[in-house]
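*Asks:* Below are the structure tokens for one structure; questions will follow.
The values are calculated or read from the model by the stated rules, or taken from the named source; none is laboratory data. Given the structure is predicted, the values throughout are model-derived calculations rather than measurements. Cβ: placed from backbone, ideal geometry, glycine included. Neighbour counts: every protein chain shown.
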Amino acid sequence: MRKLILILTILLTVYSNAFAQRKGKGRFLDRCESTYGIGFTNFLGDLGGRDQIGTNGIRDLEMILTRPAVHLGFRYRKNPVLSFKLNLNYGRVAGRDSLTREPFRRNRNLSFRSPIFETSLQAELSILQLKSTKSRYKLSGVRGKSGIDINIYLFGGIGGFYYNPKGLLGGRWWDLQPIGTEGQGIAASRTPYKRFQACFPFGVGFRVPLSDRNWTIGFEYGMRITTTDYIDDVSTTYFSPTLIAQKYGEVAALLSNRADPASDAFIKGSAVTGQQRGDATDRDAYMFGLITLTYRLKSGKSVLPKFR
């Protein structure tokens with residue numbers, strides 16, 4: 001992930017410098033903005049969720065597991081309606097079966113947490129622009145609109161993210177991907193999943209200018225559809241704990257099956273080899289909600305009003 005961020009940073013720098021050396025460098029820089037944000041993230045997957053079997057999507061959201069997130073980005077405004085954005089986001093997601101009363105999920109008793117490092121390229125489409133009727137220039141007898149005061153937009157794009165699910169055992173958080181909790185690396189049909197996957201962000205947001213019109217403040221909310229069902233390390237069926245222990249050790253076997261026979265939630269005969277552990281038909285998703293600050297870059301050239 002560090003290499004990817006470094007490569008994107010170098011490409012962005014080269015891209016900016018190349019345009020800066022062109023004859024029309026002022027025009028390019030005047031269309032560019034840097035963005036900064038803080039907010040929250042949450043997760044939709046196999047763990048926890050609504051108190052009934054078979055639910056998915058937003059109905060399974062556990063608000064108590066909302067976690068902080070941060071954002072850094074670069075926007076190029078092609079025209080007043082269309083912009084392109086390069087984003088870097090970080091957050092942490094989590095899930096716990098103990099939060100649901102659905103018997104089989106609660107009996108499964110799994111939990112996880114994972115960082116999310118995301119980079120994406122997005123297109124942003126302005127769908128509503130409300131303009132002020134105040135004068136742009138304080139000149140007697142001159143009246144003009146001061147630009148966009150409220151901008152509501154939709155966005156969508158493609159990106160990649162790194163995740164690393166961890167499980168808690170004995171007061172320590174263990175990396176789950178290397179220990180094949182569903183038999184990955186043991187059964188020929190179960191290969192280890194990759195911790196870098198593609199994502200497809202989409203959502204909505206708005207911005208309003210501050211008193212210094214080079215700055216705007218806003219909020220955006222976006223979902224991420226992903227190409228994996230393993231953000232929470234849960235997807236298919238239980239695998240033999242004996243074989244997992246032989247390959248990866250006792251800790252791996254314990255983390256693969258946390259159903260507790262001594263628990264009031266325990267269902268007799270459940271959580272055995274071959275039984276359902278997750279739902280491979282629904283891939284995992286996560287979201288970011290961000291309060292954003294945007295700064296409009298300037299070329300350094302003086303721009304004077306033109307009158308006809």
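*Asks:* Out of Arg224, Arg213, I need the residue that is of a type in the set (D, E, K, R) and out of contact with any strand residue (DSSP E or B) (no Cβ under 6 Å at 6 or more places or on another chain). Which one?
*Replies:* Among Arg224, Arg213, only Arg213 is of a type in the set (D, E, K, R) and out of contact with any strand residue (DSSP E or B) (no Cβ under 6 Å at 6 or more places or on another chain).
*Asks:* In the list Thr216, Thr226, which residue meets the criterion of being under 30 Å from Leu128 (Cα atoms), in contact (Cβ under 8 Å) with a residue 60 or more places away in the chain and out of contact with any Phe, Trp or Tyr (no Cβ under 8 Å at 6 or more places or on another chain)?
*Replies:* Just one listed residue meets the conditions, Thr216.
*Asks:* Suppose we filter Gly269, Gly274, Gly222 for residues that are under 29 Å from Gly49 (Cβ atoms) and in contact with a Ser or Thr (Cβ under 7 Å, 6 or more places away or on another chain); which single one remains?
*Replies:* Every option except Gly274 fails the conditions.
*Asks:* I'd like to know if the range 238-252 contains one or more residues that are surrounded by 15 or more Cβ atoms within 10 Å (Cβ to Cβ), out of contact with any strand residue (DSSP E or B) (no Cβ under 8 Å at 6 or more places or on another chain) and assigned to a strand (DSSP E or B).
*Replies:* Looking for residues that are surrounded by 15 or more Cβ atoms within 10 Å (Cβ to Cβ), out of contact with any strand residue (DSSP E or B) (no Cβ under 8 Å at 6 or more places or on another chain) and assigned to a strand (DSSP E or B), one finds none in the range 238-252, hence no.
Per-residue answers, yes or no, for (1) within 30 Å of Tyr153 (Cβ to Cβ); (2) modelled with pLDDT of 95 or more; (3) part of a strand (DSSP E or B):
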{"position": "Tyr193", "(1), (2), (3)": "no, yes, no"}
{"position": "Pro201", "(1), (2), (3)": "yes, yes, yes"}
{"position": "Phe206", "(1), (2), (3)": "yes, yes, yes"}
{"position": "Asp260", "(1), (2), (3)": "no, no, no"}
{"position": "Phe266", "(1), (2), (3)": "no, no, no"}
{"position": "Leu290", "(1), (2), (3)": "yes, yes, yes"}
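*Asks:* Further, regarding this structure: Please name all residue pairs, on different chains or six or more residues apart, with Cβ atoms under 8 Å, provided the first residue is in the range 101-119 and is free of Cβ contacts under 8 Å to residues at least 60 places away in the same chain and the second residue is surrounded by 21 or more Cβ atoms within 10 Å (Cβ to Cβ) and in a strand (DSSP E or B).
*Replies:* Pairs that qualify, where the first residue is free of Cβ contacts under 8 Å to residues at least 60 places away in the same chain and the partner is surrounded by 21 or more Cβ atoms within 10 Å (Cβ to Cβ) and in a strand (DSSP E or B), are Pro115/Gly91; Pro115/Tyr163.
*Asks:* Being exposed (fewer than 15 other Cβ atoms within 10 Å of the Cβ) and farther than 30 Å from Arg31 by Cα is the requirement here; does Phe196 meet it?
*Replies:* yes
*Asks:* Out of the residues in the range 239-294 that are among the β-branched types (Val, Ile, Thr) and free of Cβ contacts under 8 Å to residues at least 60 places away in the same chain, which is farthest from Ser211 (Cα to Cα)?
*Replies:* Thr242
*Asks:* Being outside any strand (DSSP E or B), within 30 Å of Asp149 (Cα to Cα) and at pLDDT below 95: is that true of Asp282 here?
*Replies:* Here the answer is no, as Asp282 does not meet what is asked.
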